[in-house]
1. Hey, which of the helices (runs of 4 or more DSSP H) in segment B:7-107, taking only ones fully inside, have at least 1 residues that are under 30 Å from B:ASN264 (Cβ atoms)?
2. Residue check, B:VAL171 against (1) in a helix (DSSP H, G or I); (2) surrounded by fewer than 17 Cβ atoms within 10 Å (Cβ to Cβ); (3) in contact (Cβ under 8 Å) with a residue 40 or more places away in the chain, all met but one. Which one?
3. Could you figure out which of (1) in contact (Cβ under 8 Å) with a residue 12 or more places away in the chain; (2) within 14 Å of chain A (Cβ to nearest Cβ) isn't true of B:THR12?
4. Charged (D, E, K, R) and in contact with a strand residue (DSSP E or B) (Cβ under 9 Å, 6 or more places away or on another chain): which single residue out of B:GLU76, B:GLU92 fits that description?
5. Where in segment B:184-277 are the strands (runs of 3 or more DSSP E), entirely inside, with at least 1 residues that are modelled with pLDDT of 90 or more and touching a Lys or Arg at 6+ places or on another chain (Cβ under 6 Å)?
6. Quick one: in segment B:32-50, of everything that is out of contact with any strand residue (DSSP E or B) (no Cβ under 7 Å at 6 or more places or on another chain) and more than 12 Å from chain A (Cβ to nearest Cβ), which residue is nearest to A:GLY70 (Cα to Cα)?
7. Name the one entry in B:LYS123, B:LYS115, B:LYS136 that is part of a helix (DSSP H, G or I), in contact with a Ser or Thr (Cβ under 7 Å, 6 or more places away or on another chain) and in the same structural domain as B:GLU72 (by TED's automatic domain parsing).
8. Going through segment B:1-31 one residue at a time, which ones are in contact with a strand residue (DSSP E or B) (Cβ under 6 Å, 6 or more places away or on another chain) and under 19 Å from B:VAL171 (Cβ atoms)?
Amino acid sequence: MNTTLNINRLGLLFQRFFIENKQAELTFWGISTVIFMVMRNVGSVEMFLYIAGFIFAARMFKVFNYTPGGMHYLLIPATHAEKLIVNIILSTIYYFIMIIITYIIGTIIGTFLGNIIFGWQNPINFQLFNDSISNSWNNQSYQHNGILEIFMTFALIQSIFMLGSIYFKGNAIGKTFLTFIALSLTLGLLEMILFRFTFGSFHLDGHSFNLNLRTSEDLFPGFEIVGTIIKYSLIPFFWLVSYFRLTEKQV
Amino acid sequence: MVNVQNVTFSYTKKTELLSNLSIKLEAGRIHGLLGKNGEGKSTLLKLISGLDFPQVGSIETLGFNPVKRYPEMLQEIFFLPEELPQLTLSIENYEKVYAPFYPNFSTVQFNEYLKEFDIDNKKSMLNKLSNGQKKKVFVAFGLATNTKLLLMDEPTNGLDIPSKGQFRRMVASTIDDNRCLIISTHQVHDLDSLIDSIIVMEKHEIVFNQPIENITKKLLFRIADRNEKSDNVIYSEDTLRGLYQVSENKTGEESKLDIELLFNAILTEKNKIVKLF
């Protein structure tokens, strides 16, 4: 038997999740479909995906909030890697796919019902899958994040909140948020200090010097690519930290 | 089967819960882990199963380091905690979800044990059952897993009087040469005629660890007349039925072990008793 990864055990862990959470899952995806029937604006859909997503991710290891639950979970005969992989797949891939499915179903039903009830003749339009959105009231079109980029941002948020759910005991959402804010403030402060040392001022208002930067590429060629690489490599980084946290978890 | 060597453990830096503790437990026995509240009995069970990690020392459970929590080890361990998890599952679904993780699980046995505990409806939700009934389900499941190591923390808490008898019968029927049971309790009466090895913890240490046959060979348990005087008496308790005594067994006389009396004797006259073994 493979000590690290066993397909049979992975299957059993998935089965465990769906049997234990059948009612909650059916209810949530039903509500999502109804929400997408009335809310089809790309920005709102994205916001719903991220917010509901991180709430879901922050509850992935909620069993540790209650000692007997944590004991029961840790004693399930499966490796830490298997338990983590199942939770990654559920909170990232499964959740994203289910959102897309409920979005498609909600959009179809919502458009169909709108056309019938209000006599509209709106075509079915999946705005989330279009890279360019035209705004009907000002006839302007703008670019929005492609589906792959939405997924990658979503995966990053999920990885952060899943780590939070295993790191903090109780109120993982709030504590992860606070930690995230504290980290952002620290990095912001660090950035200000670097500016102070580099340019002799905290401000880039042009009074003391003239900085004519159009894009970050002007400052450092390849900046965008490096930034994207760093951003996406944070996902496996947070997964790895979650893995180590799980292996050293005591109840 | 279980080898604990010089283990020290504490939840906080100030107080040590277990201090330089060592113990070896063999298969084919039901070990009774006795001690007052807060002596570290549950913690020892957690350390053996890998739920807590020792700060000093080493533990070997079924040939594995429990800290690693390998599935090969976990599928041969069933831990019945004092406080049970809150699961919104029916008994049927609990079996469906968790039984496949244990390769030697027997549905026939599980059904038999449930029947013996008068739990007929497997569609009952675990979260709707009383604590006692829920405990019965977990005891039945644990015994049906047929794991090599079965750890039970206060298993009789919450069980009614008839169920305690059923529990003893069931546990006694499942033990074989390959299986090791460790039952931790402070209700020593509940384990009467069940355990065949007694471990006593006091002040975060193991102060006594002997098989029953050794105990009855070295100690004599009897009810004596209040006026009777004997030099061999180590400990006595005056009750309505008479004077319960633990004395040194110099004649090789056979007597029935009174666990509660022995436990109290160890706590009161630890040095005198330990010296005999």
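1. Working: elements: B:41-49, B:71-74, B:91-98.
So the answer is B:41-49.
2. Against the list (1) in a helix (DSSP H, G or I); (2) surrounded by fewer than 17 Cβ atoms within 10 Å (Cβ to Cβ); (3) in contact (Cβ under 8 Å) with a residue 40 or more places away in the chain, B:VAL171 comes up short only on (2).
3. (1)
4. B:GLU76
5. Fully inside segment B:184-277 and qualifying: B:197-202, B:205-211.
6. Going through the qualifying residues, I end up with B:GLY38.
7. So the residue among B:LYS123, B:LYS115, B:LYS136 that is part of a helix (DSSP H, G or I), in contact with a Ser or Thr (Cβ under 7 Å, 6 or more places away or on another chain) and in the same structural domain as B:GLU72 (by TED's automatic domain parsing) is B:LYS136.
8. B:MET1, B:VAL2, B:LEU25, B:ALA27, B:ARG29, B:ILE30, B:HIS31
The values are calculated or read from the model by the stated rules, or taken from the named source; none is laboratory data. Note that the structure is predicted; figures quoted are calculated from it, not measured. A quick note on method: Cβ atoms are made from the backbone with ideal geometry, for glycine too, and the neighbour counts reach across all protein chains shown.
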